[in-house]
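Trainee: Take this structure, written in structure tokens, and hold onto it; I'll ask about it next.
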């Protein structure tokens with residue numbers, strides 16, 4: 001297979017491949033999905049012929065994203081996504097709890113969104129500072 005990309009598109013593809021593999025494998029410990037690691041390695045190997053050598057390094061006989069790549073801002077993007085998802089999920093769970101509901105339905109979606117927006121506004125202003133858990 002051949003895919004024609006500009007250098008800029010290829011650089012963006014590196015980000016997408018890295019983030020995708022991060023999502024698939026970062027929480028798996030030693031039980032990584034090897035096929036995703038292989039795709040990442042194959043894509044990053046193309047850095048060598050595209051003047052992007054600093055973005056790849058050899059590790060145990062494979063080419064992987066370099067430390068320079070990993071420390072170049074991609075994890076800030078991942079963290080921003082994780083923070084957004086954390087607050088979205090928390091807001092939804094709290095709103096469903098308040099509504100005594102297990103899941104969104106066509107009948108409760110408007111109320112759910114309204115309650116979520118209230119929680120999201122609180123989180124935007126105060127983060128988790130006002131969350132308490134009573135035991």
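No value in this document is a laboratory result; all are computed from the given coordinates. Just so you know, these numbers come straight off a predicted model, no measurement behind them. Because the Cβ atoms are built from the backbone with ideal geometry, glycine has one as well, and the counts that use them run over all protein chains shown.
Trainee: Can you tell me which residues in region 53-67 are more than 19 Å from the chain's Cα centre (by Cα) and either on the phi < 0 side of the Ramachandran plot or touching a residue at least 40 places away in the same chain (Cβ under 8 Å) (or both)?
Mentor: Of everything in region 53-67, those that are more than 19 Å from the chain's Cα centre (by Cα) and either on the phi < 0 side of the Ramachandran plot or touching a residue at least 40 places away in the same chain (Cβ under 8 Å) (or both) turn out to be 53, 54, 55, 56, 57, 58, 59, 62, 63.
Trainee: Can you give me the number of residues within region 1-27 that are farther than 15 Å from residue 75 by Cα and touching a residue at least 24 places away in the same chain (Cβ under 8 Å)?
Mentor: Residues in region 1-27 being farther than 15 Å from residue 75 by Cα and touching a residue at least 24 places away in the same chain (Cβ under 8 Å): 4 in total.
Trainee: For region 44-69, name all the residues that are part of a helix (DSSP H, G or I) and surrounded by fewer than 15 Cβ atoms within 10 Å (Cβ to Cβ). Don't jump to the end; show me each part of the working.
Mentor: Our first condition is that a residue be part of a helix (DSSP H, G or I); within region 44-69, this holds for 44-49, 53-55, 67-69.
Result: 45, 48, 49, 53, 54, 67, 68.
Trainee: Same structure, new question: Considering each of 95, 77 in turn, give the residue that is closer than 26 Å to residue 127 by Cα, surrounded by 12 or more Cβ atoms within 10 Å (Cβ to Cβ) and within 21 Å of the chain's Cα centre (by Cα). Walk me through it before giving the result.
Mentor: Working: 95 fails: within 21 Å of the chain's Cα centre (by Cα).
Result: 77 is the single residue among 95, 77 that is closer than 26 Å to residue 127 by Cα, surrounded by 12 or more Cβ atoms within 10 Å (Cβ to Cβ) and within 21 Å of the chain's Cα centre (by Cα).
Residues checked against (1) assigned to a helix (DSSP H, G or I); (2) in contact with a helix residue (DSSP H, G or I) (Cβ under 6 Å, 6 or more places away or on another chain); (3) surrounded by fewer than 16 Cβ atoms within 10 Å (Cβ to Cβ):
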residue	(1), (2), (3)
2	no, no, yes
14	yes, no, no
17	yes, yes, no
20	yes, no, yes
27	no, no, yes
37	yes, no, yes
42	yes, no, yes
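Trainee: So, in region 68-89, of the ones that are touching a helix residue (DSSP H, G or I) at 6+ places or on another chain (Cβ under 7 Å) and without any contact (Cβ under 8 Å) to a residue 40 or more places away in the chain, which residue ends up nearest to residue 46 (Cα to Cα)?
Mentor: Per the stated criteria, the residue is 68.
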